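Chemist: Shown below is the structure under consideration.
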Amino acid sequence: MRILITGGAGFIGSHLCDRFLAEGHTVIAVDNLLTGNMRNIAHLQGNPNFTFLHHNVVHYISVDGPIHAVLHFASPASPIDYLKFPIQTLKVGALGTHNALGLARSKGAKFLQASTSEVYGDPLVHPQHEEYVGNVDSIGPRGVYDEAKRYAEALTMAYHRAHQLDSRIVRIFNTYGPRMRLDDGRVVPNFIGQALRGEPLTVYGEGIQTRSFQYIDDLVEGVVRLLNTDYHEPVNIGTTEELTILDFARIINELTGNQAGIIFQGERIKGDPQTRQPDTTRARTILNWESKIPLRDGLQKTIEYFRHVI
Ligand code: NAD
Ligand code: UDP
C-alpha cells in the first residue's frame, strides 16, 4: 500500500511510519512541525519508500499518484500544546480532517481518524465504553481539543454514511514512549525529565486523579489491526492498568532512583479528568487486541530514551 500519515513527524505518527515501512509499504508523512520534529524521522531520510511533505493540512493536500490509506494524526495532543495553540488545534481537527477525508475520498483510499479518550471529557461513566457520549465543557480550556476531535469524529461518520468512505476511528488513551518531546508538558516526559535531572516531581492537585498509560508499541498494533478490519464505529485503544498520578510519580522515582521526592505544585487545568480507563471489550472482540507491555517495562524503555536526550 501507499499510505499517507498526517502528523507523521510527531511521536505516534513517526512510530506508525516505522511500522508500515517495516511491513513493506510506501509512506508519505505530512507535517508542518508545529509540535513534531524532523529528528523523529531523521532515520528514514534516504529510504526510497519514504517521503516527507512539509505542509499544513488545514490547507488543501495535493499528492500525485495512488494513495491506499490516509491516517489523520496531525493535531497538538498535549494539554500544554493545545492551550498554546488553541485555534490551530480547532482548525486541524475541523479543516485538516476535512482535507484528509477529501483526499481519501478522491483517491478511493481507506481513512483512519486519530481520536482520543478526551471525547469522553471528565467522564461520569467508568470505565469508558464507546457508547458513552461523554461530559465535555465546550468552552473550557480543554474544549478546543475535545470539540475538535468530536467534530472530526462526526465528519468522519458523515463521510462514511454519505459517501460510503471506508473509514475507521480509533479513540486513543494516554500513550507514551520514545520520541515524546521532553518539554511537551505531558506527565510522562515531565516526570521522567524531572527525575533524570534529580528534581522533585511536580504533581498537580492532590494527585488522586487517575490515568491508564499504554506503551506506544501496543497502540501501533491496535491501529494496524483496526486499519485491517472493516469496522467503522469508534474503537478504544488503551490499557486497563489504571493508577493515580501520585502512584505514577512514585514509580518514576523508583525506576530512576530519584531521591528528590514529590512536590504538590500547580493547579490542575480546569476539566482535567478525574478518572480515565478504557473499556476495551470492543478492541478485544473485534480486533483480538489487548495491551501487552507492562507499565514498568514500557517506562524502562522510555527512561532509556530520555537519558540519551537529556
Ligand atoms: P505530537 O504532537 O507528537 O504529534 C502531532 C503531530 O501533528 C506533530 O508532528 C505536529 O507537528 C503535527 N501537526 C499539528 N498540526 C498540524 C497541521 N495543521 N498540519 C500538519 N501537521 C500538523 O502528538 P502525538 O502524541 O503523537 O499525537 C498524535 C495524534 O494522536 C494526535 O491527533 C492526538 O490527538 C492523538 N492522540 C494522542 C494521544 C497520546 O497519548 N499520545 C492520546 C489520544 C490521541
Ligand atoms: N500532571 C501532573 N504533573 C505534571 C504533568 C501532568 O500531575 O507535571 C497531571 C495532570 O494534571 C493530569 C495527568 O497528570 O491529571 C495527565 O496529564 P497529561 O498532561 O499527561 O495528559 P491528560 O491525560 O490530562 O491529557
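The values are calculated or read from the model by the stated rules, or taken from the named source; none is laboratory data. Keep in mind the model is a prediction, meaning the values are calculated, not measured. Using ideal geometry, Cβ is built from the backbone for each residue, glycine included, and neighbour counts are taken over all protein chains shown. Surface areas here come from the heavy atoms of the whole protein model, side chains and all, with no ligands, DNA or RNA. Shrake-Rupley method; radii C 1.70, N 1.55, O 1.52, S 1.80 Å.
Chemist: Filter the stretch 189-201 for residues that are within 16 Å of F248 (Cα to Cα) and away from ligand 1 (no atom under 16 Å from the Cβ); which is surrounded by the fewest Cβ atoms within 10 Å (Cβ to Cβ)?
Modeler: Taking the candidates together, the pick is E199.
Chemist: What number of residues within the stretch 216-257 are polar (S, T, N, Q) and within 14 Å of ligand 2 (Cβ to nearest atom)?
Modeler: 3
Chemist: Name the one entry in R179, R186 that is within 12 Å of ligand 2 (Cβ to nearest atom), open to solvent by 20 Å² or more (accessible area, probe 1.4 Å) and in contact with a Ser or Thr (Cβ under 6 Å, 6 or more places away or on another chain).
Modeler: R186
Chemist: Only one residue in K301, K270 is among the charged types (D, E, K, R) and within 19 Å of the chain's Cα centre (by Cα), so which one is that?
Modeler: The match here is K301.
Chemist: Inside the stretch 157-178, can you point out the residues that are within 16 Å of ligand 1 (Cβ to nearest atom), within 13 Å of Q113 (Cα to Cα) and not hydrophobic (A, V, I, L, M, F, W, C)? Quick ask: steps written out before the conclusion?
Modeler: Step one: of the stretch 157-178, the residues within 16 Å of ligand 1 (Cβ to nearest atom) are 167-178.
Okay, now just the ones that are also within 13 Å of Q113 (Cα to Cα), so 167-172.
Across the stretch 157-178, the qualifying residues are S167, R168, R171.
Chemist: I need the full set of residues from the stretch 114-142 which are within 13 Å of ligand 2 (Cβ to nearest atom) and touching a Pro at 6+ places or on another chain (Cβ under 9 Å), in order please.
Modeler: S117, E118, V119, Y120, G121, D122, P123, Q128, P141, R142
Per-residue answers, yes or no, for (1) more than 15 Å from ligand 2 (Cβ to nearest atom); (2) open to solvent by 30 Å² or more (accessible area, probe 1.4 Å); (3) under 21 Å from P178 (Cα atoms):
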| position | (1), (2), (3) |
| --- | --- |
| V203 | no, no, no |
| Q209 | no, no, no |
| Q214 | no, no, yes |
| T280 | yes, no, no |
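Chemist: Which members of the stretch 115-142 meet the condition of being under 13 Å from Q277 (Cβ atoms) and either open to solvent by less than 60 Å² (accessible area, probe 1.4 Å) or touching a His at 6+ places or on another chain (Cβ under 9 Å) (or both)?
Modeler: S117, Y120, P123, V125, P127, Q128, Y132, listed by residue number.
Chemist: For the stretch 13-30: of the residues being surrounded by fewer than 24 Cβ atoms within 10 Å (Cβ to Cβ) and either more than 22 Å from S106 (Cβ to Cβ) or basic (K, R) (or both), which is nearest to the chain's Cα centre (by Cα)?
Modeler: For the stretch 13-30, the residue satisfying everything is H15.
Chemist: Here is a list: L299, L295, L226, L243. Which entry is open to solvent by less than 20 Å² (accessible area, probe 1.4 Å), touching a strand residue (DSSP E or B) at 6+ places or on another chain (Cβ under 7 Å) and touching a residue at least 24 places away in the same chain (Cβ under 8 Å)?
Modeler: After ruling out the rest, the residue left standing is L226.
Chemist: Taking only the stretch 78-108 into account, find how many residues are surrounded by 24 or more Cβ atoms within 10 Å (Cβ to Cβ) and either of a type in the set (G, A, S) or free of Cβ contacts under 8 Å to residues at least 24 places away in the same chain (or both).
Modeler: The number of residues fulfilling the criteria is 4.
Chemist: Right, here's the next one. Inspect the stretch 154-167 for any residue being within 17 Å of the chain's Cα centre (by Cα) and either open to solvent by less than 10 Å² (accessible area, probe 1.4 Å) or within 16 Å of ligand 2 (Cβ to nearest atom) (or both) and give the result as yes or no. Outline the logic, then answer.
Modeler: Applying the first criterion (within 17 Å of the chain's Cα centre (by Cα)) to the stretch 154-167 yields none.
Within the stretch 154-167, none of the residues are within 17 Å of the chain's Cα centre (by Cα) and either open to solvent by less than 10 Å² (accessible area, probe 1.4 Å) or within 16 Å of ligand 2 (Cβ to nearest atom) (or both).
Chemist: In this structure, is A148 hydrophobic (A, V, I, L, M, F, W, C), open to solvent by less than 20 Å² (accessible area, probe 1.4 Å) and under 22 Å from P273 (Cβ atoms)?
Modeler: Yes.
Chemist: Test of understanding: among T240, T244, T229, which residue is more than 15 Å from ligand 1 (Cβ to nearest atom) and in contact with a helix residue (DSSP H, G or I) (Cβ under 7 Å, 6 or more places away or on another chain)? Let's see the steps before the verdict.
Modeler: Working: T240 fails: in contact with a helix residue (DSSP H, G or I) (Cβ under 7 Å, 6 or more places away or on another chain); T244 fails: in contact with a helix residue (DSSP H, G or I) (Cβ under 7 Å, 6 or more places away or on another chain).
It is T229.
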